[in-house]
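Enquirer: Have a look at this one.
The values are calculated or read from the model by the stated rules, or taken from the named source; none is laboratory data. None of the values given here were measured: they were computed from a predicted structure. Counting neighbours? That spans all protein chains shown, and the Cβs are built from the backbone with ideal geometry, glycine included. These accessible areas exclude ligands, DNA and RNA; they are computed on the full protein's heavy atoms, side chains included. Shrake-Rupley method; radii C 1.70, N 1.55, O 1.52, S 1.80 Å.
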Amino acid sequence: MPPAYTGHRFADCSDTTAPVGPYGFTYERVTVADGVALNAAVSAASGGSPVVLLHGFPQTHLMWRHVAADLATDHTVICPDLRGYGASDKPAEADGTDRADGGAYAKRTMAADVVALARALGHERFALAGHDRGALVAFRAGLDHPDAVTHLACLDVLPTVDMWEAMRGVDAAVGFHLYLMAQPPGLPERLIGAEPEAFFGHFLDIWTRDPAAIPADVRAAYLAACRAAVPSVVADYRASAGVDLAHDRADRAAGRRLRMPVAVLQQDWGAALGFDAAALWRAWAPDLRHTTVDHGHFMAEEAPAVVTGALRELLAR
């Protein structure tokens, strides 16, 4: 069993733009469900509206260090580790191998965590931005909790149902990890657990256009966090091949839409895989601004000014 991951903080980063100063961050451990507490970096009160930032794979809240520092000058910024990641709790996956059974890591469950976190910190309504896995949680929060989420930003994903429908042919081999971690419990955990640094480091390498954007200490923190979280990371992905897909299909059939202003930033995956990303998103989000960016997947680290600018534009809508 891997050692518990005790966390890495914004201030631990060698990056000199990490959040410091009058809007520096403190850390809180907040109970959001029975037996589940989240580790969250929370900015000092600035008097501004709250913004929650959700990280992606294979990262932790540290991915927001640049963007959070900027937004914290005039917003209350909350950066949690998702359940199953970083220094947050990692409950066991639901028993059984039925792919419709994965409630512990259903995005519906993880979205409820985020709403509970914000509420515990005094915020009934908040803006929400997510990257990669965090964007799927944010998307589900926007659908399930429209009265809580005022603005929604999703970085470099498609909704789960659209993602699976787009993954076709040899060009989809880039997403091999989606299929590996969709397998029943046992095999993926054993394979990944045998060489976790090689597995998780692979994505940090191939999805980054500017390696300097993830300095050595931050990379080491990501790998340490993932090494200690193999079962829960796999469970998160496994849920997207089952319960999350079922939820998206049901919502699409019912005609449910995102009611808040939405911003989507993503690479041009559609050019390779043959889909129109903006059109897919527009079916879910009538009030959408979709932007194709020329940066790597880890855009909040590679192009933080671009991401921050898009978030500020969204918050002004």
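Enquirer: From the backbone phi of the stretch 288-305, what are the Karplus-calculated ³J(HN,Hα) couplings (6.51 cos²θ - 1.76 cosθ + 1.60, θ = phi - 60°) in whole Hz, Gly and Pro given as x?
Expert: 10, 10, 10, 10, 8, 10, 9, 9, x, 4, 8, 5, 5, 9, 7, 9, x, 5
Enquirer: Keeping every protein chain present and rolling a 1.4 Å probe, give me the accessible area per residue for the stretch 134-194 in Å².
Expert: Details: 2140 Å² over 61 residues.
Value returned for the stretch 134-194: 35 Å² of accessible area per residue.
Enquirer: Something else: Using only the C-alpha atoms of the chain, find the volume of their convex hull and express it per residue in Å³. Kindly include the intermediate steps, with their values, before the conclusion.
Expert: Details: hull volume 38.3 nm³, N = 317.
Once divided by residue count, the hull of the chain is 121 Å³.
Enquirer: Please give the length that would be gained between A198 and R125 if that part of the chain were fully extended, namely 0.36 nm times their separation in residues minus their C-alpha to C-alpha distance (nm, one decimal). Walk me through the numbers before you get to the answer.
Expert: Numbers: separation 73, 0.36 × 73 = 26.28 nm, distance 4.00 nm.
Gain on stretching A198 to R125: 22.3 nm.
Enquirer: Same structure, new question: Suppose R0 equals 25 Å; then what is the FRET efficiency for R29 and R312 from their Cβ-Cβ distance, rounded to the nearest 0.05? Intermediate results must be reported in sequence, preceding the final value.
Expert: Values: r = 29 Å, r/R0 = 1.18.
It comes to 0.25.
Enquirer: Give me Rg over Rh for the stretch 75-192, both radii from the alpha carbons and Rh done the Kirkwood way, two decimal places.
Expert: Rounded to two decimals, Rg over Rh is 0.99.
Enquirer: Based on the Cβ-Cβ distance from R282 to R168, what FRET efficiency comes out when R0 is 25 Å, to the nearest 0.05? Kindly include the intermediate steps, with their values, before the conclusion.
Expert: Details: r = 21 Å, r/R0 = 0.84.
Efficiency at R0 = 25 Å is approximately 0.75.
Enquirer: Residues with amide H under 5 Å of F298's amide H, sequence separation 5 or more or different chain, H placed in the peptide plane at 1.01 Å from N; which?
Expert: Under 5 Å from the amide H of F298: R209.
Enquirer: Based on DSSP H runs of at least 4 residues, each adding -39500 (n - 2.57), what is the mean residue ellipticity at 222 nm of the chain after dividing by all its residues, to the nearest 500 deg cm²/dmol?
Expert: Working: 14 runs with 126 residues, N = 317.
Theoretical 222 nm ellipticity from helices: -11000 deg cm²/dmol.
Enquirer: Among M167, M181, what's the order by accessible area (1.4 angstrom probe), most exposed first? Write out the running numbers ahead of the final one.
Expert: On the way: M167 30, M181 0 Å².
Output order, biggest surface exposure first: M167, M181.
Enquirer: Name the residue from G169, H151, L191 whose Cα lies farthest towards the positive end of the charge dipole of the stretch 111-255, charges +1 on Cβ of Lys and Arg and -1 on Cβ of Asp and Glu.
Expert: The residue sitting most towards the positive pole is L191.
Enquirer: Which whole-Hz couplings ³J(HN,Hα) result when phi for each residue of the stretch 217-226 is put into the Karplus expression 6.51 cos²θ - 1.76 cosθ + 1.60, θ = phi - 60°, listed in order with x for Gly and Pro?
Expert: 6, 6, 4, 4, 5, 4, 5, 5, 5, 5
Enquirer: Please give the peptides 230-242, 25-37 ranked by average Cβ packing (other Cβ atoms within 10 Å per residue), highest first, as a rough proxy for protection.
Expert: Working: 230-242: 23.9, 25-37: 15.3.
Packing proxy ranking, top to bottom: 230-242, 25-37.
Enquirer: How large is the Kirkwood hydrodynamic radius of the stretch 199-244, in angstrom, based on all distinct alpha carbon pairs? Display every interim value, and only then the final one.
Expert: On the way: mean 1/r = 0.0841 Å⁻¹.
Taking the inverse mean of 1/r over all distinct Cα pairs, the stretch 199-244 comes out at 11.9 Å.
Enquirer: Follow-up. About the Cα centre of the chain, what is the dipole size in debye to 20, counting +1 per Lys and Arg Cβ and -1 per Asp and Glu Cβ, all else neutral?
Expert: Values: 27 positive and 38 negative charges, 117 e Å.
Result for the chain is approximately 560 debye, rounded to the nearest 20.
Enquirer: Can you give the FRET efficiency to the nearest 0.05 for A220 and A45, using r as the Cβ-Cβ distance and R₀ = 25 Å?
Expert: Working: r = 32 Å, r/R0 = 1.28.
Result of the calculation: an efficiency of 0.20.
Enquirer: Kirkwood Rh over Cα pairs of the stretch 170-317 into Stokes-Einstein at 4 °C, 1.567 mPa s: D in µm²/s?
Expert: My calculation gives 73 µm²/s for D.
Enquirer: Placing +1 on the Cβ of each Lys and Arg and -1 on the Cβ of each Asp and Glu in the chain, which of A228, G201, G270 has its Cα farthest towards the positive end of the resulting dipole?
Expert: Result: G270, furthest along the dipole toward the positive end.
Enquirer: In whole Hz, with x marking every Gly and Pro, tabulate ³J(HN,Hα) for the stretch 184-194 from phi via Karplus 6.51 cos²θ - 1.76 cosθ + 1.60, θ = phi - 60°.
Expert: Going residue by residue, I get x, x, x, 4, x, 5, 5, 5, 5, x, 5 Hz, with x marking Gly and Pro.
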